[in-house]
Amino acid sequence: MASGSRCERRASTALAASVLLALVETGLERQKAYEMVQAVAMRCWQERTSFEEAVRGNADITARLDAARLDQAFDLNYYLRHEQTVFDRVFK
């Protein structure tokens, strides 16, 4: 399934680091986690498909990360948690 805009694809792909770290937290070697995530990310970039959907559909990744952990990895609120503080400081 194709994802939306180029911006959406880039934002989703940027979350690859979160997936990689989650895999490493399960005990997977960092290099192996990198290879798994990179393969999915590159395929999605080339095919212009959703990174999140591809990760959730990847048996090797979902064997290590359940739906709840993937929800955490793709939660943009984690990255925006200090947004208001930053705006408050900048626009005082």
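Taken together, the values in this text are just the output of simple stated rules run on the coordinates, not laboratory data. Since the model is a prediction, treat every value here as computed from it, not as a measurement. Every residue, glycine among them, receives a Cβ derived from its backbone with ideal geometry; neighbour counts consider all protein chains shown.
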Rounded to the nearest 20 Debye, what is the dipole magnitude of the chain about its Cα centre when Lys and Arg each give +1 and Asp and Glu each give -1 at the C-beta? 300
Quick one: helix 30-47 against the long Cα principal axis of the chain, what's the angle to the nearest 10°, folded into 0 to 90? 80
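For the chain, what does the helix formula give at 222 nm: sum of -39500 (n - 2.57) over DSSP H segments with n ≥ 4, over the residue count, nearest 500 deg cm²/dmol? Could you put the intermediate results ahead of the total?
On the way: 8 runs with 67 residues, N = 92.
After summing the helix terms and dividing by residue count, I get -20000 deg cm²/dmol.
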Quick one: which residues, 5+ away or cross-chain, put their amide H under 5 Å from the amide H of T49? H built at 1.01 Å from N. S3
Want the number for Y78 to K92: 0.36 nm per residue separation, take away the alpha-carbon distance, what's left? 2.6 nm
With the radius of gyration and the Kirkwood radius both derived from the Cα set of the stretch 6-90, what is their ratio Rg to Rh? 1.03
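Report relative contact order for the stretch 6-90 in percent, whole number only (criteria: Cα-Cα under 8 Å, sequence separation at least 6). Kindly include the intermediate steps, with their values, before the conclusion.
Values: 54 pairs, mean separation 29.1, N = 85.
RCO, the stretch 6-90: 34 percent.
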Give the residue from V19, V86, N58 lying farthest towards the positive end of the charge dipole for the chain; charges sit on Cβ (+1 for Lys and Arg, -1 for Asp and Glu) and the dipole is referred to the Cα centre. V86
